[in-house]
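The structure appears right after this line, and notes come after that.
Every number in this text was worked out from the coordinates using simple rules, so none of it is lab data. From a predicted model like this one, the values you see are computed outputs, not experimental measurements. Please note: Cβ atoms are built from the backbone with ideal geometry, for glycine as well, and neighbour counts cover all protein chains shown.
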Amino acid sequence: MRFDIITILPELFKSAFSGGIIKKALEKGTIEIHIHNLREFTVDKHQQVDDRPYGGGEGMVFKPEPVFAAVEKVKQSEETAVYLLSPQGKKFDSQFAEELAHHPQLILICGRYEGVDERMIQHLVTGEISIGDYILTGGEPAAVVVVDAVSRFIPQVVGKPESVRHDSFVEGLLSFPQYTRPRDFKGMKVPRVLFSGNHDKIRLWRRKKSLEKTLSVRPDLLKDKKLSPADKKILEEIKKGKDNESG
């Protein structure tokens, strides 16, 4: 898969993809990442990419000409997805990342200033992406997040594909607790079930802890989650236990 990032600050990406799984995927050729300086697609001597908004208002707005030119230059096919990184975009999550991984090319436009000319949103991009309900100084950090998350769903990027399937949020639940040696660290002990050798009990314990964590920290994830009868029974037991504790 090919990623193309359009930005006015290409230097911010020099170290972002220089280590870990992304670096290995780049070396193997499993993914490609190309960084494009938006100023190179301007036609004036000052390389101006922004201008004041019509109608007045604070700040500056990205001009349409250089962004359209950049996308038209790097877009390789009709199957390419083009997204603007914006606080007004669709909330980025694991499911969204997996959907994006099915495209042969993903172009990410890093927004800045007070926004972009609306004609980009109406006539150029596939959509907008937001990585959370907060404001960044620009779309560059969000672009790194999107590339990292999407790459995990591309075959051969992650050494053990099953680990991706078991990640938090992939199933719509938070992950269960993990432990390693030593069994006893300063009096803090690993739950006995994890070294019992009984895989059915371990699986059940992990499922219960996953549901328990989700209910405690992100109960909103359970609202639209289709739970099995076994999961519903576990949740009922967890809720009863909490009610007994509070009572």
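Checked against the criteria, A142 counts as in contact with a strand residue (DSSP E or B) (Cβ under 6 Å, 6 or more places away or on another chain), among the hydrophobic types (A, V, I, L, M, F, W, C) and in contact (Cβ under 8 Å) with a residue 40 or more places away in the chain.
Within segment 119-144, restricting attention to residues that are part of a loop (DSSP other than H, G, I, E, B) and touching a Cys at 6+ places or on another chain (Cβ under 7 Å), which residue is surrounded by the fewest Cβ atoms within 10 Å (Cβ to Cβ)?
G138
The single residue among K240, K233, K208 that is touching a helix residue (DSSP H, G or I) at 6+ places or on another chain (Cβ under 8 Å), over 23 Å from Q95 (Cβ atoms) and part of a helix (DSSP H, G or I) turns out to be K208.
When segment 84-118 is limited to residues that are in a loop (DSSP other than H, G, I, E, B) and small (G, A, S), the one that is surrounded by the fewest Cβ atoms within 10 Å (Cβ to Cβ) turns out to be A101.
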